[in-house]
Every structure is written in C-alpha cells, then in structure tokens.
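Please read the structure below before turning to the comments.
The values are calculated or read from the model by the stated rules, or taken from the named source; none is laboratory data. Keep in mind the model is a prediction, meaning the values are calculated, not measured. Glycine gets a Cβ as well: all are built from the backbone with ideal geometry, and neighbour counts include every protein chain shown. Accessible surface areas use protein heavy atoms only, side chains included; no ligands, DNA or RNA. Shrake-Rupley method; radii C 1.70, N 1.55, O 1.52, S 1.80 Å.
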Amino acid sequence: MPVLVESLNILSYQDKEDLQKIYHDTPPGFFAPFADAAELLEQANAEGQLIGARFNDRLLGAARLQRQANHWLLSHLCVRIPTRRRGVAERLVTLTEKSARDAGSQLRLLGTAESPAVQALAAKLHLPLLTG
C-alpha cells in the first residue's frame, strides 16, 4: 500500500496522536513563526492548511500548505523519526507539486537557511526554496 497524501480537515484522535509524534523531536526554531507544535497545528488546521502523508491509516508525516494564487508554499514538513529516510517526505512533496501544477500553480518549499535536509530535498526535486 503506497503512502497517500491528503488534506487533514477533520482530525481523529489517532491523527492528533500521530501529529504529536511527528513533531515531537523537532529542532529549536522549527516552528517559527509559531511558538510550538500545538500552535502550528491549531492554526494550520483552522485555516485548512494541514496536509499529511498516511500509510496504513497512520500519519507518518505532515506539513503546512498555503495555497496562493500563483504559487503554493509548503512549510513545516516533518516525518516521524522511525520512518525517516524511506521516501515519505519526497512522496509528500512530489504529490503536492503535482496537485499544484494541476491547479495552475507552482510549489515552493519554505524553510530556514539552517535546514540542510530541506535544502537537500529542494535540490533533489528541483524545487525553489524560499528561506525566511
């Protein structure tokens, strides 16, 4: 069964647990401009900007997706530690990029200049990386 990428509009109890695990071990400054994972998830969910990578009914990764007129911004991408380096982030980005193209937009990754993982992913997938 492949990893599916979906908008997370209604979060089940299990989804909330999975999201806590996904964002548990993030480095300092990861959540900027939000104070912490709870604030990021609350605002992204309220604004319909939360997407997730799901496998066997469990969330393995999540990100914030801001859909704007000419481009979509993908930020706060994180994958659970036990499932990292298995292509989950790449699949989430690739499928999101396809959706953006289908909608007539371009996907851009938004990350910090200190994030070598995001820089490497952007380079590998030939996507523009905006730092802020």
message: So in region 10-42, with the set limited to residues that are among the acidic types (Asp, Glu) and open to solvent by 80 Å² or more (accessible area, probe 1.4 Å), which one is farthest from Cys78 (Cα to Cα)?
response: Glu42
- prompt: Val118 is checked against (1) of a type in the set (Val, Ile, Thr); (2) free of Cβ contacts under 8 Å to residues at least 40 places away in the same chain; (3) over 19 Å from Pro2 (Cβ atoms) and fails just one. What number does that condition carry?
  reply: (2)
Failed item in (1) of a type in the set (A, V, I, L, M); (2) open to solvent by 20 Å² or more (accessible area, probe 1.4 Å); (3) modelled with pLDDT of 95 or more, with Ala62 passing the rest: (2)
task: Please enumerate the residues belonging to region 16-56 that are closer than 22 Å to Thr94 by Cβ and among the acidic types (Asp, Glu).
output: Asp18
query: Out of all the residues in region 65-109, which are open to solvent by 60 Å² or more (accessible area, probe 1.4 Å) and among the hydrophobic types (A, V, I, L, M, F, W, C)?
result: Ala69, Ile81, Ala103
task: Could you grab me the full set of residues in region 97-111 that are of a type outside the set (A, V, I, L, M, F, W, C) and assigned to a strand (DSSP E or B)?
output: Gln106, Arg108, Gly111
